[in-house]
1. If you consider only alpha-carbon coordinates, what radius of gyration and Dmax does the chain have, in Å?
2. Counting other Cβ atoms within 10 Å of each Cβ, which trypsin sites (Lys or Arg not before Pro) in the range 106-198 have at most 13 and sit in a DSSP loop?
3. Describe numerically, in nm with one decimal, the distance between label points set 7 Å from Cα along Cα→Cβ at Tyr343 and at Gln143.
4. Dipole of the range 64-121 (Lys/Arg Cβ +1, Asp/Glu Cβ -1, origin at the Cα centre): which of Pro69, Pro109, Gly95 lies farthest to the positive side?
5. Using 5 Å bins from zero, what percent of all Cα-Cα pairs in the range 23-65 falls into each bin?
6. With the radius of gyration and the Kirkwood radius both derived from the Cα set of the range 1-97, what is their ratio Rg to Rh?
7. Of the peptides 320-331, 76-87, 194-205, how do they stack up when ordered by the mean number of other Cβ atoms within 10 Å, highest first?
8. What distance in nm separates the simple spin-label points at His152 and Glu123, each placed 7 Å from Cα in the Cβ direction?
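The values are calculated or read from the model by the stated rules, or taken from the named source; none is laboratory data. Predicted, not measured: the structure shown is a model, and the values here were computed from it. Note that we place each Cβ from the backbone using ideal geometry, even for glycine, and neighbour counts take in every protein chain shown. Accessible surface is based on the protein model in full, side chains and every heavy atom, while ligands, DNA and RNA are left aside. Shrake-Rupley method; radii C 1.70, N 1.55, O 1.52, S 1.80 Å.
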Amino acid sequence: MNLDLDPAQLAFRDEVRDFLAAELTDELKQAARRATSVFIDKRHSLAWQKILHRRGWVAPSWPKEYGGPGWDETERYIFAAECARAGAPPLAPRGLRMVGPVIMGYGTPEQKAELLPRILSGEDYWCQGYSEPGAGSDLAALQLAAVRDGDHYVLNGSKIWTTHAHWANKMFCLVRTSREGKPQAGITFLLLDMETPGITVRPIITLAGDHEVNQVFFDQVRVPVAGRLGEENDGWTVAKHLLEFERGGGGAAGLRISLERLVTAAAAEDETGGARMIDEPHFRSKLAKAAIALEGLQVTELRVLTALAAGQSPGAVSSVMKVQNTELMQVIDELALQALGIYAPVHQPEARAADANIDFVGPEWGRVTTARYLNDRAGSIYGGTNEIQRDIVARLILGI
């Protein structure tokens, strides 16, 4: 897909490039290269967020009235593409891209005034309390009980796969406040402080050896009713709105850079004197198919960005993007493993840290390839499995 930029857009692109050249440090770029997941560690994510916040560029999709830059969809795409090309680390999405827009839509004036500035500055670091044991893609099956006691809800139960709960000071959480009627009708959306007595966070270590996700336990946890977002028992409506932003977050620019780097690696001469991977017909064909899929993803992403720029929810198109984005990410991971060859099984967690100076057994570009492959297998599951997304597309877009 070709974007023909007008002079003003070209000037904006150059402004972004100059900013990145001046502000993006080598340490932050190395942290992004060594990241083994779509979520980077808190230390580097917040460091980059504070730099962007000083410039007013930390929340590209937010309206100006809430602290966003007021960019149109093309400017947002240019910014994302230039950040990806420069190697900038991703920002934590749970505040900026997920709960932030939902607070704008459903929060009280007091909630907006208190919470939105703290999301922009990084003062609050959020985690998402949705999935439970037995309630993942079937989110309506959640059982975390919230019983009203005066001006508080009392929570008992657990959440699982809670990304960065061990670093977060805030959680947005779905709880069950009623068991009458349809399961969706008894769910409430709460905002809570992770330091509240009765909350316990236990780590879950991934296949790649990373501590990214957790199980969170609630034992008689008292959450003020003032922390509720929306009406009691109407949390399902709020949650669906949030999931559209989670699934519609984009990522085409980053995948394009990943694919370009993979092509460069595959075209390099083999150190052992063997054939280049790029010359292997089946591998080259898969690269071409990935490039075609990337063009389709970029078109979908621009549709979502256009909706956001108009102040609209992206709706079911976000489900299309979620499928395209995560499955293409996994294809690129598989091709990278194939290109890495004999070094693919090498697993050196101690050499992956952003500040590690340990030599990797194999080419430098492959230092985190295996770990990324393992972690990204979850991409087609988190945020609602891709099978669920296809059901949404069938019902709401195709009318089946």
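1. 21.6, 74
2. Arg179
3. If labels sit at Tyr343 and Gln143, their model points lie 4.8 nm apart.
4. Gly95
5. Histogram of Cα-Cα distances, whole percents per bin: 6, 20, 27, 22, 16, 7, 3, 0.
6. In the range 1-97, Rg relative to Rh is 0.96.
7. 320-331, 76-87, 194-205
8. 2.5
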